[in-house]
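The values are calculated or read from the model by the stated rules, or taken from the named source; none is laboratory data. Being a predicted model, the structure only gives us computed values, none of them experimental. Note that we place each Cβ from the backbone using ideal geometry, even for glycine, and neighbour counts take in every protein chain shown.
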Amino acid sequence: MKLNIFAGRRYLRSYAEYVRLCCYLGLACTENKGDEVVAPDGFVGRRGYPECTFDSSPVSFLAAVFNTVRRDCVGGDRTHMGRILAGEILTEEDFPEMDVEYRQRLAGVSLTPSRLGLKG
């Protein structure tokens, strides 16, 4: 997961991956019921997730990384990571089943048989 964050990956594969990412970063992944203190960027830290490794919000740092690593981020605010870094809570509806062709376009990778080590 750490490598994907710093590689500038903009989309997540599933809602479960989203929840794991939020736990790791210490970001709220569900709507606040009013009984928690949540920073404007969604940071709750170890109060919400004991597995969080951050003492303070990583959001501004990660936003800078994404803007530097992914200079082609036109419309990046509409991607999963763009929305997460903007403090938006995602739902399971944000992760529809994606077919292979759609995943290829998102990743910008051409998965040809020869690239996969297959004869074709």
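The residues of region 14-40 that are more than 19 Å from S57 (Cβ to Cβ) and either among the hydroxyl-bearing types (S, T, Y) or within 9 Å of the chain's Cα centre (by Cα) (or both), listed by number, are S14, Y15, E17.
Hey, among the residues in region 66-82 that are in a helix (DSSP H, G or I) and surrounded by fewer than 16 Cβ atoms within 10 Å (Cβ to Cβ), which one's modelled with the highest pLDDT? So that I can check it myself, show each step before the final result.
So the first thing to find is which residues in region 66-82 are in a helix (DSSP H, G or I), and the list is 66-69, 76-78, 80-82.
From what's left, surrounded by fewer than 16 Cβ atoms within 10 Å (Cβ to Cβ): 67-69, 77-78.
Numbers: N67: 74, T68: 73, V69: 66, D77: 71, R78: 79.
Looking at the filtered set, the residue picked out is R78.
Look at region 24-42: where a residue is closer than 13 Å to E88 by Cβ and a partner is among the small types (G, A, S) and surrounded by fewer than 12 Cβ atoms within 10 Å (Cβ to Cβ), sitting 6+ places away or on another chain with Cβ atoms under 9 Å, you get D41/S60.
Taking region 33-64 as the range and being closer than 23 Å to T79 by Cβ and part of a loop (DSSP other than H, G, I, E, B) as the test, the residues that pass are V38, A39, P40, D41, G42, V44, Y49, C52, F54, S57, P58. Against the criterion of being surrounded by 12 or more Cβ atoms within 10 Å (Cβ to Cβ), β-branched (V, I, T) and at pLDDT below 75, I5 qualifies.
I'd like to verify a number: residues in region 39-61 that are surrounded by 18 or more Cβ atoms within 10 Å (Cβ to Cβ) and modelled with pLDDT of 85 or more, how many?
The first filter runs over region 39-61 and keeps only residues surrounded by 18 or more Cβ atoms within 10 Å (Cβ to Cβ), leaving 42-45, 48-49, 52, 57-59.
Restricting the remaining residues to those that are modelled with pLDDT of 85 or more gives 42-45, 49, 52, 57-59.
Count: 9.
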